[in-house]
Amino acid sequence: MKRAALYARVSTADQTTANQLLDLRQMVEQRGYQVVEEYVDHGISGAKTRRPALDRMMKDARRGRFSVVVVWAFDRLARSVRHFLEVLDELNHLNIEFVSIRENIDTGGPLGRAIIVILGAIAELERNLIVERVRAGMRRAKLEGRRIGRAPLDVDRQAVLRDRGHGLSLTEIAKAHRISRASVSRIIKEAAEAPGPKGCIPAPPQTHENRLPNPAA
């Protein structure tokens, strides 16, 4: 007997999963499945990344609690095609079948497996098209002379190094030049690693405030 997990979801708190669960229970009873648990997300939008019941179901799937997941429809399970395929891919790797009542899909059969392959190919094509559009946009921006990526840090690096040499802490230097402590650390580290006189920075007294991580560590 197959052990089944039922998953249901509604988007708003005033909706009910009763109808979904009724259909799910009838279907698993007809097939002779043993219901391990019903996972229900109430008032959870389809766009939400985190869903308590779905997350718990996937954790139980990794523990091998059931061998088949049954849902009322695709859109009850996933927030997007990509997310849907990610969930299906993980279930497939865990040797867990997937059944959707509305779409009449069962990955335990040849037709269901074929449809999943087709959906995966469409999703891959979509990803490739997005990548190509991004690359085309970057090429066009480069030809038009527009900057791509983050603008370089506008700061007097020599002044930062002088302040460091005078014993100012990282926080004091950051405030004086209106940059982050991480930027101060990066400038000092780059100067210290640079060959020649640039790498010679007077070392201020070591305190907890201004102590830098050892680059060789």
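Classify region 1-105 as rounded, prolate or oblate from the Cα gyration tensor: take a ≥ b ≥ c as the square roots of its eigenvalues, call it rounded if a/c is under 1.5, otherwise prolate when a/b beats b/c and oblate if not. Each step should come with its number before you reach the end.
Working: a/c = 1.56, a/b = 1.14, b/c = 1.36.
Here region 1-105 falls in the oblate category.
In the neighborhood of VAL40, defined by Cβ-to-Cβ distances under 11 Å, what is the net charge if each Lys or Arg adds +1 and each Asp or Glu adds -1? Computed value for this residue: +1.
Only sites in a loop by DSSP and with at most 12 other Cβ atoms within 10 Å count here; which trypsin sites (Lys or Arg not before Pro) in region 104-194 make the cut? Mind dumping the intermediate values first?
Numbers: sites: ARG113, ARG127, ARG133, ARG135, ARG139, ARG140, LYS142, ARG146, ARG147, ARG150, ARG157, ARG162, ARG164, LYS175, ARG178, ARG181, ARG186, LYS189; in loops: ARG146, ARG147, ARG150, ARG178.
The qualifying sites are ARG146, ARG147, ARG150, ARG178.
Any read-out appearing in this document is the output of simple, stated calculations on the displayed coordinates, not a laboratory observation. Because the structure is a prediction, the values reported are computed rather than measured. Positions of Cβ are generated from backbone atoms using ideal geometry, with glycine treated the same way; all protein chains shown enter the neighbour counts.
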